[in-house]
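Below you'll find the structure, written out as structure tokens, and then a few comments.
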Amino acid sequence: MKQYGERQLDSVDYQILQLLKKDAKMSMNQIGEEVHMTGQAVSKRIAFLQKNNIIQRYTIHINEQIYGDYTISFIRVYMKSTEHIKFRKLLQDKEEVLEIHRISGEGCYLLKVRTYDQQTLATLLDEILQYGNYQISQSIEQVKEV
């Protein structure tokens with residue numbers, strides 16, 4: 001086990017992390033019930049995990065089916081320049097770009113993109129054209145979620 005400051009992570013820490021992954025809004029008392037500790041003891045462990053940068057942030061998972069209409073697109077990019085760093089920086093700053101994968105085989109990058117309107121998608125595609133050509137496929141149904 002890896003040493004973090006004054007102690008190592010133990011099985012209780014891993015249980016707490018798993019519970020928070022499932023529901024970051026769980027109360028300290030709820031977590032305590034699951035790991036057989038007091039809410040105060042859980043709070044101290046979470047503070048330790050945050051202090052040691054193991055927990056970096058809390059987030060939410062939105063049910064996009066309810067939240068609104070959107071389109072998921074998969075864009076295969078064929079770079080025509082060697083400006084990979086600039087290209088990646090462009091993508092990192094785009095809220096609609098969910099995933100960026102550097103790939104082997106056909107193309108250089110595979111992007112997973114969520115857009116709520118065609119204009120946003122068209123603008124992104126125009127920006128991609130500065131660096132290379134693309135091939136786009138749109139999702140018609142999500143069969144499995146990770």
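Some values worked out for this structure:
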| item | result |
| --- | --- |
| Residue tally, condition over 18 Å from the mean Cα position of the chain (by Cα), closer than 19 Å to Asp69 by Cα and of a type in the set (A, V, I, L, M), over the stretch 81-135 | 3 |
| Answer residue from the stretch 15-39, given it is aliphatic (A, V, I, L, M) and without any contact (Cβ under 8 Å) to a residue 24 or more places away in the chain and is nearest to Val146 (Cα to Cα) among those | Leu19 |
| Among (1) of a type outside the set (Ser, Thr, Tyr); (2) touching a residue at least 24 places away in the same chain (Cβ under 8 Å); (3) farther than 30 Å from Glu141 by Cα; (4) surrounded by fewer than 15 Cβ atoms within 10 Å (Cβ to Cβ), the one test that Val42 misses | (4) |
| Filter result for Ser104 (at pLDDT 90 or above and among the hydroxyl-bearing types (Ser, Thr, Tyr)) | yes |
| Complete set of residues in the stretch 90-121 that are farther than 13 Å from Phe74 by Cβ and surrounded by fewer than 11 Cβ atoms within 10 Å (Cβ to Cβ) | Gln92, Asp93, Glu95, Ser104, Gly105, Gln118, Gln119 |
| Residue within the stretch 4-14 that is over 30 Å from Leu98 (Cβ atoms), of a type in the set (Gly, Ala, Ser), surrounded by 12 or more Cβ atoms within 10 Å (Cβ to Cβ) and free of Cβ contacts under 8 Å to residues at least 24 places away in the same chain present | no |
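The values are calculated or read from the model by the stated rules, or taken from the named source; none is laboratory data. The structure presented is a predicted model; accordingly, all values stated were derived computationally and were not measured. Note that each Cβ is placed from the backbone with ideal geometry, even for glycine, and that neighbours are counted across all protein chains shown.
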